[in-house]
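The values are calculated or read from the model by the stated rules, or taken from the named source; none is laboratory data. These figures come from a predicted structure and were not determined experimentally. So basically every Cβ, Gly included, is an ideal-geometry build from the backbone, and we count neighbours across all protein chains shown. All accessible areas refer to the heavy atoms of the entire protein, side chains included, with ligands and DNA or RNA removed. Shrake-Rupley method; radii C 1.70, N 1.55, O 1.52, S 1.80 Å.
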Amino acid sequence: MDAMSLDPITRKLLLDWFVELDTPEGLRAELIEGEFVMTLVPDGRHEHCISRTARQVYRQSPADMEFSANKGLLLQSADGCPQDHVIPDGTFASKALQLYRGADRWMPCEGVALVLEVTSEVTSFKPQTDRETKRRCYARGGIPLYLLVDREASWTTLFSDPASGDYREVRAAAFGKPLTLPDPFAFDLDTSDFL
């Protein structure tokens, strides 16, 4: 998807409108590469994948991590677009940083170690947004690791080494196979429970 190029005044108006938006209950809103995206609150299987991932990080990672579900992140914008406002399904950061304590509704992404997305099975939301658009957003933000649990494809993919607006390294495992997470996590993620 090509980023939508807007003049500076339109970008500012769109961003001001978005930041003040009062999202209706049961929906969540994001501004991604100049596109307004509204999605339904996820289903139970979606949340199951998030819960299982967070549990494994807490139990197996040697690093003491904190987790936040659905935390709004401010990311570097695509060319000609307003600043990206993205809500990952999960965000992990070192507990020592205390990133979430007192954070605004939309916080900067500096210090985030890993973002997690689980594709939706709702037909109105395109998995390509998680696979491509959000991946580019997280890479532009310099987030070191992006973990994608793709329910439609039955694969878990780890993107790492962000540079030039994308990730340069990719590791993937079919559901049921382990996926090695690098430091600071340093353990094999069990994906069998995603089946």
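Data for the structure
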| read-out | value |
| --- | --- |
| Extension gain (nm, one decimal) between GLU152 and LYS12, 0.36 nm per residue minus Cα-Cα | 46.8 nm |
| Candidates LEU158, LEU27, LEU14, ranked by Gaussian network fluctuation over the chain, Cα under 10 Å, top entry | LEU27 |
| Cα-Cα P(r), region 144-195, percent of pairs per 10 Å interval | 26, 53, 20, 1 |
| Surface accessible to a 1.4 Å probe, VAL41 within the full protein complex, Å² | 90 Å² |
| The chain, accessible surface, carbon-and-sulfur percent (1.4 angstrom probe) | 51 percent |
| Sites LYS126 and ARG55, calculated FRET efficiency, Cβ-Cβ separation with R0 35 Å, nearest 0.05 | 0.80 |
| Average accessible area per residue (Å²) across the chain - probe 1.4 Å, nucleic acids and ligands excluded | 49 Å² |
| Gained length - ALA69 relative to SER192, 0.36 nm times residue gap less alpha-carbon distance | 42.1 nm |
| Region 24-89-region 6-20 distance, computed between alpha-carbon centres (Å) | 22 Å |
| Heavy-atom SASA rank of LYS134, LYS126, LYS71 (probe 1.4 Å, accessible area, largest first) | LYS126, LYS71, LYS134 |
| The chain pair-distance distribution - Cα-Cα, 5 Å bins, rounded % | 1, 8, 17, 20, 22, 17, 10, 4, 2, 0 |
| GNM flexibility winner over the chain from ASP79, ASP22, ASP166 (Cα, springs under 10 Å) | ASP22 |
| Phi to ³J(HN,Hα) by Karplus 6.51 cos²θ - 1.76 cosθ + 1.60 over region 52-63, Hz, x for Gly, Pro | 5, 5, 4, 4, 5, 4, 4, 7, 10, 6, x, 7 |
| Pairs of lysine residues in the chain - Cα separation under 27 Å, sequence separation of 8 or more or cross-chain | 10 |
